[in-house]
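*Asks:* Take this structure first; my questions come after.
The values are calculated or read from the model by the stated rules, or taken from the named source; none is laboratory data. Nothing here was measured: the structure is a model prediction, and the numbers come from that model. As a convention, Cβ positions derive from the backbone with ideal geometry for all residues, glycine included, and neighbour counts pool all protein chains shown. Ligands, DNA and RNA are stripped out before the accessible areas are found, and what is left, the full protein with its side chains, is counted by its heavy atoms. Shrake-Rupley method; radii C 1.70, N 1.55, O 1.52, S 1.80 Å.
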Amino acid sequence: MNNINMIAVRENPEYLERAVDYFSSKWGIAKNIYQDCIANSLTTDSPLPRWYLMMKDNEIIGRYGLIVNDFISRQDLWPWLCVVYIEENERGKALGSRLLEHGRKEAAKLGFQMVYLCTDHVGFYEKYGWRYIGGAYGASGSETRVYEIESIS
């Protein structure tokens, strides 16, 4: 797995267009939303948002973001690990755990003690130490599960 690495888009702006295309295509959110968000994240003085690509050779095989709010009612919590994704043909190789660990380390570098995520998946994040802390509501009004974990140095 030595040929797998994480790319921080903020520190590697040459990946901007690839990141926008990838995030948009995998999550079904309009490209202009990711274009605006990721492009502005390159120059903001704010520590968030941050966007990351998992690369294998020169191909994107996964991604995640660290954001202020994941469009849910728990606006008292941040940062949020969002849009966590590993390509289906790369699953089962412990890459998800590697991506989650990277997110925790990046949050710590930015000065955050905790990291949060919301999901409807039950069982996956618990395997990696994430704790269920309750429910929250998304923009559609539906309930989602909220998890937390300590960041790591």
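*Asks:* Are any of the pairs K26/K56; K31/K105; K31/K93 more than 19 Å apart by Cα-Cα distance, and if so, which?
*Replies:* K31/K105; K31/K93
*Asks:* Work out the FRET efficiency for Y128 and I33 from their Cβ-Cβ distance, taking R0 = 25 Å, and round it to the nearest 0.05.
*Replies:* Once rounded, the FRET efficiency stands at 0.30.
*Asks:* Please compute the modelled spin-label separation between I4 and L110, points set 7 Å along Cα→Cβ, answer in nm with one decimal.
*Replies:* Inter-label distance under the simple model: 2.2 nm.
*Asks:* Under Stokes-Einstein, with the Kirkwood radius over Cα pairs standing in for Rh, what whole-number D in µm²/s applies to the chain at 20 °C and 1.002 mPa s?
*Replies:* The calculation lands on 136 µm²/s.
*Asks:* Residue by residue through region 53-64, which ³J(HN,Hα) values in whole Hz follow from phi under the Karplus form 6.51 cos²θ - 1.76 cosθ + 1.60 (θ = phi - 60°), with glycine and proline marked x?
*Replies:* In residue order, the calculated couplings are 10, 9, 10, 10, 6, 10, 10, 6, 10, x, 6, 6 Hz.
*Asks:* Cα centroids of region 59-77 and region 115-153: how far apart, whole angstrom?
*Replies:* Distance between centres, Cα-based: 11 Å.
*Asks:* List the GluC sites (Glu not before Pro) in region 1-92 that DSSP assigns to loop (not H, G, I, E or B) and whose Cβ has at most 12 other Cβ atoms within 10 Å. Which are they? Could you put the intermediate results ahead of the total?
*Replies:* Working: sites: E11, E14, E17, E59, E87, E88, E90; in loops: E11, E87.
Those satisfying the criteria are E11.
*Asks:* Just the number, please: carbon plus sulfur as a percent of the accessible area of the chain, 1.4 Å probe, no ligands or DNA/RNA counted. Please report the intermediate quantities before stating the final value.
*Replies:* On the way: 3940 of 8000 Å².
Carbon plus sulfur share of accessible area: 49 percent.
*Asks:* What is the gain in length, in nm to one decimal, between A94 and E14 on full extension, counting 0.36 nm per residue of separation less the C-alpha to C-alpha distance?
*Replies:* 26.0 nm
*Asks:* Measuring with a 1.4 Å probe in the full set of protein chains, what accessible area per residue, in whole Å², belongs to region 11-124?
*Replies:* Working: 5780 Å² over 114 residues.
Value for region 11-124: 51 Å² per residue.
*Asks:* Per DSSP helix of 4 or more residues, -39500 (n - 2.57); summed, then divided by the residues of the chain. What does that give at 222 nm, rounded to the nearest 500?
*Replies:* Per the formula, -8000 deg cm²/dmol.
*Asks:* Multiply the residue separation of T43 and E150 by 0.36 nm, subtract the distance between their alpha-carbon atoms, and state the gained length in nm to one decimal.
*Replies:* Additional length available on full extension: 35.8 nm.
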